[in-house]
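To start, the structure under review is shown below, and the notes come after it.
The values are calculated or read from the model by the stated rules, or taken from the named source; none is laboratory data. As the structure is a prediction and not an experimental result, all values here were calculated from the model. Methodologically, a virtual Cβ is constructed for each residue, glycine included, from the backbone with ideal geometry; neighbour enumeration extends over all protein chains shown. In case anyone asks, the SASA skips ligands and DNA or RNA and just uses the protein heavy atoms, side chains included. Shrake-Rupley method; radii C 1.70, N 1.55, O 1.52, S 1.80 Å.
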Amino acid sequence: MRWPRFRFGILTMTILVMISAVVLTAWNLVPRALDPFLGDRSGTIPERWVSGGAARYFAVRAVLAGMVASPFSFAIALALRPPPGGRTGRRAAMRWLGVAAGLAACGLAILNCPLDGMRIAWLLRDGSGVSFYHQYRFWPGAHVTPCLELTTPAGRSRSYPIARNTRYQGLPLLRTNAEQKTIWLIDDPDARARRGGVWCSIDRTTGDFVAAGGPYQAGVGETSGFPPSR
């Protein structure tokens, strides 16, 4: 009887160690998105979550870390659970593995779920909207993504990533051609941090989007085009 108990104890310790590693990883991942997100939304409701000081901030951080870690923790517990004997037990074990895989997929979706920062928006003559904002994710591969967003007069929107893993300091200026079919974002001349002149451009007719670094089509430049109010 001692050997099964010893094996059960080793398995329990393994599960606890793996869950602890997941929780600590989530605890370290959360600030990568939470800190810039709260700073971006300065003066809005999310900032009030931490207006009470460090205690409230750590409470929010703990809640988000729990949300990120929970699916993976349950998946580990189910995947490593000792299967019961017999054919029925094997069927139950397969169901556990299926549920564990589903929980892991849910956890990955939470990691990649974007938190949108504040938008700066412009209105075009035909009623369409253009916005610039940052997306923040817990997933470390692209946890900050500056984006251009187009919104139709009917309210349908689509976002385009300008760069990866880059938080742009400052806000851009918008320029268009005379027909407002091509739009692009440029550096604000008064900004302390510059991004090479042109940030991105998009042809609203064809949908061709050019992200940071270009090359941009003829007529798109830091000193060309018109402001949207023209």
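Enumerate the amide H contacts of residue 199 below 5 Å, restricted to partners 5 or more residues apart or on another chain; note that Pro and chain-start residues carry no placed amide H.
185, 186, 187
Along Cα→Cβ, 7 Å out, is where each label goes; now give me the distance between the ones at residue 18 and residue 157 in nm to one decimal.
For the pair residue 18/residue 157, the computed spacing is 4.0 nm.
With θ set to phi - 60° and the Karplus curve 6.51 cos²θ - 1.76 cosθ + 1.60, what are the ³J(HN,Hα) couplings of the stretch 182-199 in order, to the nearest whole Hz, using x for Gly and Pro?
Each residue of the stretch 182-199 in turn: 10, 10, 8, 9, 10, 5, 6, x, 8, 6, 6, 9, 10, 10, x, x, 9, 8 Hz.
Run through the stretch 112-143 and list the trypsin sites (Lys or Arg not before Pro) located in a DSSP loop whose Cβ has at most 16 other Cβ atoms within 10 Å. Can you show the working numbers first?
Details: sites: 119, 125, 137; in loops: 119, 125, 137.
Hits after loop and neighbour filter: 119, 125.
Under the 0.36 nm per residue contour assumption, what length would be gained going from the current alpha-carbon distance of residue 179 and residue 35 to full extension? Let's see the in-between values first.
Working: separation 144, 0.36 × 144 = 51.84 nm, distance 4.00 nm.
Working it through step by step, the gained length comes to 47.8 nm.
Using 0.36 nm per residue, how much length does the chain from residue 169 to residue 105 gain when fully extended, once their Cα-Cα distance is taken away?
Numbers: separation 64, 0.36 × 64 = 23.04 nm, distance 3.36 nm.
Result: 19.7 nm gained on full extension.
Provide the per-residue ³J(HN,Hα) series for the stretch 26-33, in order, calculated from phi with Karplus coefficients 6.51, -1.76, 1.60 and θ = phi - 60°, each as a whole number of Hz, with x at glycine and proline positions.
Couplings: 5, 4, 7, 6, 4, x, 4, 9 Hz.
Once the Cα gyration tensor of the stretch 85-230 is diagonalised, what are the square roots of 5 times its eigenvalues, in whole Å and ordered largest first, as equivalent ellipsoid semi-axes? Don't jump to the answer; show the numbers that get you there.
Values: eigenvalues 359, 58, 31 Å².
Values for the stretch 85-230, descending: 42, 17, 13 Å.
Quick query: amide H of residue 182 versus all other amide H atoms, modeled in the peptide plane; which residues come in under 5 Å with a sequence gap of 5 or more or a different chain?
177, 204
Tell me, what is the FRET efficiency for residue 216 and residue 27 to the nearest 0.05, using R0 = 41 angstrom and their Cβ-Cβ distance as r? Display every interim value, and only then the final one.
On the way: r = 42 Å, r/R0 = 1.02.
Efficiency computed from Cβ-Cβ geometry: 0.45.
Along the stretch 200-211, what does the Karplus equation 6.51 cos²θ - 1.76 cosθ + 1.60 (θ = phi - 60°) give for ³J(HN,Hα), rounded to whole Hz, x for Gly and Pro?
6, 8, 8, 8, 5, 6, 9, x, 5, 10, 10, 7
Ranked by accessible surface with a 1.4 Å probe, highest first, in what order do 94, 118 come? It would help to have the intermediate numbers written out before the result.
Details: 94 130, 118 85 Å².
The ranking, largest first, comes out as 94, 118.
Report, by chain and number, residues whose modeled amide H sits under 5 Å from the one on residue 138, excluding near sequence neighbours (fewer than 5 apart, same chain).
113
Largest first, what is the accessible-area ranking of 116, 126 with a 1.4 Å probe? Spell out each step's value before the answer.
Numbers: 116 50, 126 80 Å².
Result, largest first: 126, 116.
Would you please give the FRET efficiency between residue 203 and residue 112, computed as 1/(1 + (r/R0)^6) with r the Cβ-Cβ distance and R0 = 30 Å, to the nearest 0.05? Show your work: numbers first, answer last.
Values: r = 28 Å, r/R0 = 0.95.
E(calc), rounded to 0.05, equals 0.60.
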